[in-house]
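See below for the structure under consideration.
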Amino acid sequence: MGRYIIQRLIYMLITIWVIITVTFFLMHNLPGSPLKNEHKIPPEIKEAILKQYGLDQPVPVQYLQYLGNLMTGDLGASFQYNGRSVTSLIMEGFPASLQLGIQAIVFGTLFGLFLGCIAALKQGTWMDNATTVIAVLGISVPSFVMAALLSYFVGVKWGILPPGLWGSFAHSILPSLALSFLVIATISRYIRTELLEVLGQDYMKTAKAKGLSRSTTVTRHALRNALIPAVTVLGPLTVQLITGSLVVEKIFSVPGMGWMFVNSIKVNDYTAIMGVTIFYGALIVLSMFIVDLLYGMIDPRIRLADGKE
Amino acid sequence: MASSSTENLTPEMFEPVDSDVNEQEALRGTRVSFWQDVWFRFRSNKGALIGMLLILAIGVMAIVGPLMNSYSYSEQDYSATNQIFAGDHWLGTDKFGRDLWTRIWYGAGISLIIAFLAAAIDLIIGVPYGCISGYCGGKVDNWMQRIIEVLYGIPNLIMMILLLIWLDRGIFAIALAMSITGWVAMARIVRGQILKAKNQEYVLAARSLGASHGRLLLKHMFPNVLSAVIVTIMFTIPTAIFFEAFLGFIGLGIRPPQASLGVLINDGFEMLRLFPYQIFYPAAVLSLLMFSFNLVGDGLRDALDPKLRR
């Protein structure tokens, strides 16, 4: 197992390096330039600016320079905010996005599990249909519409919770809720189908025949075997949610990092694009690793560490 | 009395019944193939049937709907902009005075095409990719999963903008954009399910009976993975419909004034505070469509489950 983990860590580094390389060269093919009003700048000043940011070099040289800086943990300075380092920009927006993401994931997963179990145990009843309706609304009404409706009705019209801005826990409830609909829908659907399949298995009959109560058979025997797809989707979903959602943050005026990425691509802020990509890529790669480890814990028959021993 | 009756019996009185062992063993009744059985069970599921009829109805409306009144999807009427009820504009008009009834059905058609495209990409790329990765395991799985991580890690938006430079906007660009990363979630799900199925007893049994790899995967493991595949498609479809709207937003989707449900919802969202009806209609059609897809999906899942077969 230890060897497997070390092996995977090495692969993670290689994968992140590939992501960095591909993104770096793709990014330099983007239309436009990092300079504002490029045509109005006198040539000598333009040259000086390009030189200061190392943009006068050919792209492969820039790439090597960037990798060199990265080795020392330096993500470079952002182009769009004079002199701000990319690291500080990420660290400024990340806490808010992280909090929203985690709240949405935790609430969404628990509620989704609950709904999924009800739907499977009461298959074909009105409760099953009700969870289907909730799930369908969760996936077919986009999060920005949910966010706007929540902000308008709960926030403005009824005045129960703050409709926007950032500060106390109360401010984070509505945006988390808006983000959690997709999680609820996803988890409840996967749990429902998988659970239906598990409930028909022979070992469930055995467990029942042993005299175990309904709740024990479901939580101990059935649920565990129904978790694999839910865990698979939760990995990347968590990363997406904790790195911020552009529209939800915009609607609730949350100072997260969701806006940062789209904005950096718009203005060709190369260092910021790379910084966010590395951050996101590393989290994705890590989440895949954790999911693979969880597979083995949920179902010990799954052995990814190769059956050589 | 009893003895006398037996004595009266002579061998001539008996006649061998013309019986054939094979005939005795023959199955009575018509044989039902797996797919006939699936269709029978699907048909007896009311929800699934309703769902299928609704999808058909929306499909028919997508063709017929735009022809039902005299307006075209692009015709602008500046004397009647943002009207909820305006004469023979049945569902009102948008900010350019375009007829919403026509645009919604036209958009539903485009979105249905995208839904089927997305489902096809999922099935053609995602499912085999996940099957091979999970089934082979080891090195193959390792490399295939690293490729998925790279695809996840490279920012989608950059790839889309670059596609925009090379391609004309339209259905082909949308299909290509979706086929880069649209199937990745499906591949992950299928791989997880195959990993789980791989070590189960029935697979071991089939393998020891000498089943080939292809037969193991297709006949034994795939039916057990199918329900997760169906659920995943149910998620791929709305994701693709909104992805198309996002592509339209950055200039890669369909060309305005053409519309899709995703584009209409985006447009309606801009007017949400002032004219909420503009988002309500397309959102309602999309929800109805998704609801029908889910009903059909649930019905298919139950119908395809070999354990429920009687």
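The values are calculated or read from the model by the stated rules, or taken from the named source; none is laboratory data. What you see is a predicted model; the values in this text were computed from it and never measured. Cβ coordinates were reconstructed from backbone atoms using ideal geometry, including for glycine residues, and neighbour counts include every protein chain displayed.
For the reader, a short list of remarks on this structure follows.
- Count of segment A:18-37 residues which are more than 7 Å from chain B (Cβ to nearest Cβ) and not polar (S, T, N, Q): 8
- Qualifying position, being within 18 Å of the chain's Cα centre (by Cα), surrounded by fewer than 20 Cβ atoms within 10 Å (Cβ to Cβ), over 28 Å from B:GLY134 (Cβ atoms) and not polar (S, T, N, Q), among A:VAL254, A:VAL276, A:VAL262: A:VAL262
Residue-wise test of (1) away from chain B (no Cβ under 12 Å); (2) modelled with pLDDT of 90 or more; (3) on the phi < 0 side of the Ramachandran plot.
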site: A:MET204; (1), (2), (3): no, no, yes
site: A:PRO236; (1), (2), (3): no, yes, yes
site: A:VAL247; (1), (2), (3): no, no, yes
site: A:ILE251; (1), (2), (3): no, no, yes
site: A:GLY258; (1), (2), (3): yes, no, yes
site: A:TYR270; (1), (2), (3): no, no, yes
site: A:ILE273; (1), (2), (3): no, no, yes
site: A:ALA282; (1), (2), (3): no, yes, yes
site: A:LEU286; (1), (2), (3): no, yes, yes
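- Conditions (1) farther than 13 Å from B:ASP94 by Cα; (2) facing chain A (nearest Cβ under 10 Å); (3) not polar (S, T, N, Q); number of the one not met by B:GLU244: (2)
- The set of residues in segment B:141-159 that are surrounded by fewer than 20 Cβ atoms within 10 Å (Cβ to Cβ) and either touching a residue at least 12 places away in the same chain (Cβ under 8 Å) or not β-branched (Val, Ile, Thr) (or both) comprises B:ASN142, B:TRP143, B:MET144, B:ARG146, B:LEU151, B:ASN156, B:LEU157, B:MET159.
- A:GLY211, sole failed condition from (1) modelled with pLDDT under 85; (2) away from every other protein chain (no Cβ under 12 Å): (1)
- Taken over segment B:121-171, the residue count meeting the criterion of being away from chain A (no Cβ under 13 Å), out of contact with any helix residue (DSSP H, G or I) (no Cβ under 6 Å at 6 or more places or on another chain) and not hydrophobic (A, V, I, L, M, F, W, C) is 4.
- Tally, over segment B:29-54, of residues that are assigned to a loop (DSSP other than H, G, I, E, B) and not hydrophobic (A, V, I, L, M, F, W, C): 6
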